[in-house]
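Enquirer: Input: one structure, supplied below.
The values are calculated or read from the model by the stated rules, or taken from the named source; none is laboratory data. The model shown is predicted, which means the values in this text are computed figures rather than measured ones. Using ideal geometry, Cβ is built from the backbone for each residue, glycine included, and neighbour counts are taken over all protein chains shown. Side chains included, ligands, DNA and RNA excluded: accessible areas come from the protein's heavy atoms. Shrake-Rupley method; radii C 1.70, N 1.55, O 1.52, S 1.80 Å.
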Amino acid sequence: MRMAMASAEVGDDVIGSDPTVEALQDYVAELLGKEASLFMPSGSMTNQIAIRLHCQPGDEFLCEADCHVYNYEQAAFAQLSGIVARTIQGEFGVLEPEQLLGKIRPAGDHMVQTRLLCLENTHNRGGGTIQPLENVDAICSWAHDNSLATHLDGARLFNAVAATGIDAKRWSQGFDSVSVCFSKGLGAPVGSALAGTHEFIKRARRARKLFGGGMRQVGILAAGALFAVQHNRERLTEDHANAELLAEYIERSPGLSLDPKPETNIVVVHIDPSLGNSATLARQLAAEGIGGLPFGPQHIRFVTHLDVTRAQVTRAGEVLAKLTSAVRN
Ligand SMILES: Cc1ncc(COP(=O)(O)O)c(C=O)c1O
């Protein structure tokens, strides 16, 4: 990847003439079955630009209560675009189609107008959960039947692809816009893409400049992203197998439990209060060179990715078993 970046042909993407960015955008659009795509610095930007373009100031979008767009992007849809969110609590981030019924506001001068539905697949806070395809299909059809646009936060869409064997085009089919990240399990240092129709991406390009995301000789970064998306998708199954291995250790560690059982590369663990809390456990693990992110007072999140080997996961499992048995004894 570093070699590809070092030797990347570059131009000036702000005026639309960087050949490596264009190659990446064409590749991603084709992969997702959309007419066009646009490279941006982050998944937060791709999501927020999509929401801005699907809605007008004062409009509302529907999303799952624990989703990234709502919880971890500073409500940029409100700060930057004057849009509000209506959240619906899923189970580990998964929404059932029936939960959406009645959630569209009726027309009327008093009412905020519901314009958009966002889904996240896989779901980060939910523990890397995969939205079942039949739910995605039913929810997107319902949204379109009710004149809502649909956006997919597919920051980890390729994990859903690797875990299910269902291709990215099929997962993206019901969505008007799709955001994917190159910087997560795929291992690029930077970058995301937003995909949709030619007309939508033309508008997204304008919004990207407004948000300060126009980048000039950015083929260097696009080359890393292109390498990631071409070479690192299939190996995501290794990360999933490593997450399962870690899960086996956790199931054997007294006081720790999986919440939920991992489906992809994220392992969220509940810590029984008798063992302390997530901050304490994260500190103990850090002292052993193991990264775990406190995810609330009694939860910690582990992520397996291409920089974590099976041997390191085995060691992490052994350290967890040792720490928990030391407290219990
Ligand atoms: C589901 C999801 N969407 C979007 C993002 C935002 O990506 P970025 O960190 O590139 O802004 C993240 C980041 O963790 C995420 O998990």
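Enquirer: Look through 224, 196 and report the one residue that is within 16 Å of the ligand (Cβ to nearest atom), out of contact with any Leu (no Cβ under 8 Å at 6 or more places or on another chain) and not β-branched (Val, Ile, Thr).
Expert: 224
Enquirer: Only one residue in 183, 147 is among the hydroxyl-bearing types (Ser, Thr, Tyr), over 30 Å from residue 309 (Cβ atoms) and outside any helix (DSSP H, G or I). Which one?
Expert: Just one listed residue meets the conditions, 147.
Enquirer: Open to solvent by 30 Å² or more (accessible area, probe 1.4 Å), within 13 Å of the ligand (Cβ to nearest atom) and free of Cβ contacts under 8 Å to residues at least 40 places away in the same chain, is that true of residue 89?
Expert: Considered against the rule, which asks whether it is open to solvent by 30 Å² or more (accessible area, probe 1.4 Å), within 13 Å of the ligand (Cβ to nearest atom) and free of Cβ contacts under 8 Å to residues at least 40 places away in the same chain, residue 89 comes out as no.
Enquirer: Can I ask one more? Sort through 18, 12 and tell me the only one that's in contact with a Gly (Cβ under 8 Å, 6 or more places away or on another chain) and touching a residue at least 12 places away in the same chain (Cβ under 8 Å).
Expert: Working: 12 fails: in contact with a Gly (Cβ under 8 Å, 6 or more places away or on another chain).
That would be 18, the only listed residue that is in contact with a Gly (Cβ under 8 Å, 6 or more places away or on another chain) and touching a residue at least 12 places away in the same chain (Cβ under 8 Å).
Enquirer: Can you tell me which of (1) within 16 Å of the ligand (Cβ to nearest atom); (2) farther than 22 Å from residue 67 by Cβ; (3) open to solvent by 10 Å² or more (accessible area, probe 1.4 Å); (4) under 17 Å from the mean Cα position of the chain (by Cα) is the one residue 215 doesn't meet?
Expert: The one condition residue 215 does not meet is (4).
Enquirer: Suppose the filter is of a type in the set (Val, Ile, Thr) and either away from the ligand (no atom under 16 Å from the Cβ) or in contact with a Phe, Trp or Tyr (Cβ under 8 Å, 6 or more places away or on another chain) (or both); does residue 122 pass it?
Expert: Values: of a type in the set (Val, Ile, Thr): yes; either away from the ligand (no atom under 16 Å from the Cβ) or in contact with a Phe, Trp or Tyr (Cβ under 8 Å, 6 or more places away or on another chain) (or both): no.
Answer is no for this residue.
Yes/no per residue for (1) within 21 Å of residue 303 (Cβ to Cβ); (2) open to solvent by 40 Å² or more (accessible area, probe 1.4 Å):
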| position | (1), (2) |
| --- | --- |
| 51 | no, no |
| 59 | no, no |
| 75 | no, no |
| 93 | yes, no |
| 107 | no, yes |
| 111 | no, yes |
| 143 | no, no |
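Enquirer: Take the residues in region 163-192 that are β-branched (Val, Ile, Thr) and within 15 Å of the ligand (Cβ to nearest atom), then tell me which one is surrounded by the most Cβ atoms within 10 Å (Cβ to Cβ).
Expert: Per the criteria, the residue is 178.
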